[in-house]
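Input: a single structure, listed below in structure tokens.
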Amino acid sequence: LRRLIITCSGGALRDVPKEELVNITAEQALRHPRWDMGAKITIDSATLVNKGFEVIEAHWLFGIEPERISMLIHPQSIVHSMVEFEDGALKAQLGTPDMHMPISFALMFPHRAVRDEHFSFAENPTLTFAEVDRVKYPALDIAYNCLRQGGTAACTMNGANEVAVAAFLAHKCGYLDIVRTIEYALDRAENIKKPTLEDY
């Protein structure tokens, strides 16, 4: 295994210039073009916090170093992830942007549900990919840093994000305040390197 490649749609604000993010409302951030995931995850998709957490999860689930986990913006949300091997070969997991399939597989593993859905490449002829703008989406690098720090850093990021997203959805703070809140919490919280359940 050479690396894992995680894809993201870029969320509801993918095509919004970063200079305009200061004025984004909760209603705008909730208009995801591909997925219906509920308010909290839709906002996490706009900030890419959700993908930062997927990087952390991939590390713990598969034992892969942060340096070997990468992210690509893929607006069509057809390729969900890829694995690159040492010989350069790639294997991709593809499917419609619908969480029923992965949830059913998780519930029924090792079996697969029988579903009527048939994917059509003819109806999805174009798959595009782009590098993530790390200035527009700073939460991604924050997640990588939390992973490298270890300890309670990722838990602090998660807790701060929960509070900040709730405040944003309640119109109590701005869109850019979500990541600022995460940074604020990480700057001030003690990072316990070998935490107990009580520490969490």
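Could you calculate the FRET efficiency of Leu30 with Asn191 from 1/(1 + (r/R0)^6), where r is the beta carbon distance between them and R0 is 45 Å, rounded to 0.05?
Details: r = 32 Å, r/R0 = 0.72.
Calculated value: 0.90.
Give the residue from Ala106, Val49, Pro33 lying farthest towards the positive end of the charge dipole for the stretch 1-136; charges sit on Cβ (+1 for Lys and Arg, -1 for Asp and Glu) and the dipole is referred to the Cα centre.
Checking the options against the dipole of the stretch 1-136, the answer is Ala106.
Pull out the extension gain between Lys18 and Phe129, defined as 0.36 nm times the separation in residues minus the alpha carbon to alpha carbon distance; nm, one decimal.
On the way: separation 111, 0.36 × 111 = 39.96 nm, distance 1.90 nm.
Difference between extended and current length: 38.1 nm.
Pulled fully out, how much extra length does the chain show between Asp199 and Ile41, if you take 0.36 nm times their separation in residues and subtract their Cα-Cα distance? Write down the numbers at each step before the final one.
On the way: separation 158, 0.36 × 158 = 56.88 nm, distance 2.59 nm.
Fully extending the segment from Asp199 to Ile41 adds 54.3 nm.
Add +1 for every Lys or Arg and -1 for every Asp or Glu among the other residues with Cβ under 13 Å from the Cβ of Gly52, and state the total.
Net of charged neighbours comes to -2.
Calculate what fraction, in whole %, of the accessible area of the chain sits on carbon and sulfur atoms when a 1.4 Å probe is rolled over the protein chains.
On the way: 6550 of 11720 Å².
Heavy-atom surface of the chain belonging to carbon and sulfur, 1.4 Å probe: 56 percent.
With a 1.4 Å probe and all protein chains kept in place, how much accessible area does Tyr200 have, in Å² rounded to the nearest 10?
130
Once ligands and nucleic acids are excluded and a 1.4 Å probe is used, how much of Val114 is accessible, expressed in Å² to the nearest 10?
Taking all protein chains as shown, Val114 has close to 140 Å².
Please report the net charge: other residues with Cβ closer than 11 Å to the Cβ of Val135, K and R +1, D and E -1. Write down the numbers at each step before the final one.
Working: positive: Lys18, Arg134, Lys136; negative: Glu19, Asp133, Asp141.
That works out to 0.
Need the full-extension length gain, Asp177 to Ala113, defined as separation in residues times 0.36 nm minus the C-alpha distance. One decimal, nm.
Values: separation 64, 0.36 × 64 = 23.04 nm, distance 4.15 nm.
So the extension gain works out to 18.9 nm.
How big is the charge dipole of the stretch 1-118 about its Cα centre, in debye rounded to the nearest 20, if each Lys and Arg gets +1 on its Cβ and each Asp and Glu gets -1 on its Cβ?
Working: 12 positive and 16 negative charges, 25 e Å.
So the magnitude is around 120 debye.
Taking the Cα centre as origin and putting +1 on Lys and Arg beta-carbons and -1 on Asp and Glu beta-carbons, what dipole magnitude results for the chain, to the nearest 20 debye?
Details: 20 positive and 27 negative charges, 24 e Å.
Using Cβ point charges on Lys, Arg, Asp and Glu, the chain gives about 120 debye.
Hey, got a sec? Which GluC sites (Glu not before Pro) in the stretch 11-91 land in a DSSP loop and have at most 12 other Cβ atoms within 10 Å? Could you put the intermediate results ahead of the total?
On the way: sites: Glu19, Glu20, Glu27, Glu54, Glu57, Glu67, Glu84, Glu86; in loops: Glu86.
Counting only loop positions with at most 12 other Cβ atoms within 10 Å, the GluC sites (Glu not before Pro) in the stretch 11-91 are Glu86.
Pull out a ≥ b ≥ c, the square roots of the eigenvalues of the alpha-carbon gyration tensor of the stretch 109-157, then state rounded if a/c is under 1.5, prolate if not and a/b is larger than b/c, and oblate in the remaining case.
Numbers: a/c = 4.84, a/b = 1.63, b/c = 2.97.
Judged from the Cα gyration tensor, the stretch 109-157 comes out oblate (a/c at least 1.5, b/c at or above a/b).
Summing Lys, Arg as +1 and Asp, Glu as -1, what charge do residues with Cβ under 15 Å from the Cβ of Thr181 carry, Thr181 excluded? Mind dumping the intermediate values first?
Working: positive: Lys40, Lys172, Arg180, Arg188; negative: Asp44, Glu162, Asp177, Glu183, Asp187.
Net local charge, Thr181 excluded: -1.
Could you state the accessible area per residue of the chain in Å², with a 1.4 Å probe and every protein chain left in place? Kindly include the intermediate steps, with their values, before the conclusion.
Values: 11720 Å² over 200 residues.
Roughly 59 Å² per residue, with all protein chains present.
The values are calculated or read from the model by the stated rules, or taken from the named source; none is laboratory data. Computed from a predicted model, the values in this text were never measured in an experiment. Quick reminder, even Gly has a Cβ in these numbers, built from the backbone with ideal geometry, and neighbours come from all protein chains shown. The protein model used for the area step is the full one, side chains on, heavy atoms only, and it has no ligands, DNA or RNA in it. Shrake-Rupley method; radii C 1.70, N 1.55, O 1.52, S 1.80 Å.
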